[in-house]
Amino acid sequence: TATYAFASLAIVSYFYGFGTAKYLPIVKTTSIVILVFIILRHIAYQHKKKKKVTTKLSWYITVFLININSVCFSLILNLATFESQLTSIHYAVVATLLTGLIATSIITLSYFPIIFLPFQILIIFPQIAIVTYFQNTTNSNYIPLIILYVIYFLYQMKQFRIYRGDLIARFNYQLDLEEKNKELEK
């Protein structure tokens with residue numbers, strides 16, 4: 001499902017461009033790169049599914065492809081944020097999209113810290129840097145937005161720890177049940 005969602009977002013990014021003009025060639029090229037990596041990830045997934053086993057190499061390839069996806073989406077959304085100078089409807093679209101991506105990642109990515117943490121950092125920290133830049137170079141007060149992003153990041157980290165702890169507890173409980181079932185069978 002995430003593959004189709006990200007593919008759709010890449011296609012939307014290619015055609016919509018988030019109002020970029022100056023960075024539109026980069027946005028379009030990056031959208032194509034995302035689609036290529038999504039296709040590669042899908043092929044790798046089908047291969048793993050067919051073999052019914054995940055090797056260390058295939059796992060590292062999957063992690064690499066997902067993290068490249070994160071880098072690319074971060075580039076697109078942060079270029080759009082920078083070009084919009086935090087003032088257009090396009091920035092509102094980017095901010096809404098960022099919020100959705102960050103919020104859903106707690107469910108889709110928190111199984112794996114090696115994917116979740118880079119995604120969070122790549123999405124939020126450049127936004128904080130861009131907003132801080134405009135805070136320092138314009139007469140606008142963006143401090144509340146900076147604080148909001150920082151709070152959002154800290155909240156995500158707290159939720160990650162809680163969600164991850166629950167996952168581990170459930171997994172351990174399931175292992176205990178399986179062991180007890182084996183003992184009962186004996």
Residue in region 168-182 that is out of contact with any Gly (no Cβ under 9 Å at 6 or more places or on another chain), in a helix (DSSP H, G or I) and under 30 Å from Phe73 (Cα atoms) present: yes
For a quick check of your reading of the model, give me the residue pairs whose first member lies in region 151-171 and is free of Cβ contacts under 8 Å to residues at least 40 places away in the same chain, whose second is assigned to a helix (DSSP H, G or I), with beta-carbon atoms closer than 7 Å and at least 6 apart or on different chains. Phe153/Gln120; Phe153/Ile124
Taking region 139-159 on its own, how many of its residues are touching a Leu at 6+ places or on another chain (Cβ under 8 Å) and part of a helix (DSSP H, G or I)? 1
In region 90-112, anything open to solvent by less than 50 Å² (accessible area, probe 1.4 Å) and within 12 Å of the chain's Cα centre (by Cα) is listed as Leu97, Leu98, Gly100, Leu101, Ile102, Ala103, Ser105, Ile106, Leu109, Ser110
Give region 73-94 a look and list any residue that's of a type in the set (Val, Ile, Thr) and farther than 14 Å from Ile26 by Cα, or say none. Thr87, Ile89, Val93, Val94
Would you point out the residue of region 41-67, among those that are of a type outside the set (Val, Ile, Thr), closer than 21 Å to Phe116 by Cβ and open to solvent by 80 Å² or more (accessible area, probe 1.4 Å), that is modelled with the lowest pLDDT? Tyr45
Leading residue by the ranking (farthest from Tyr14 (Cα to Cα)) among those in region 28-40 that are of a type outside the set (Lys, Arg) and open to solvent by 30 Å² or more (accessible area, probe 1.4 Å): Leu40
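The values are calculated or read from the model by the stated rules, or taken from the named source; none is laboratory data. None of the values given here were measured: they were computed from a predicted structure. Neighbour counts are summed over all protein chains in view; Cβ atoms, including those assigned to glycine, are modelled from backbone coordinates with ideal geometry. What goes into the accessible areas is simple: the full protein's heavy atoms, side chains included, and nothing from ligands, DNA or RNA. Shrake-Rupley method; radii C 1.70, N 1.55, O 1.52, S 1.80 Å.
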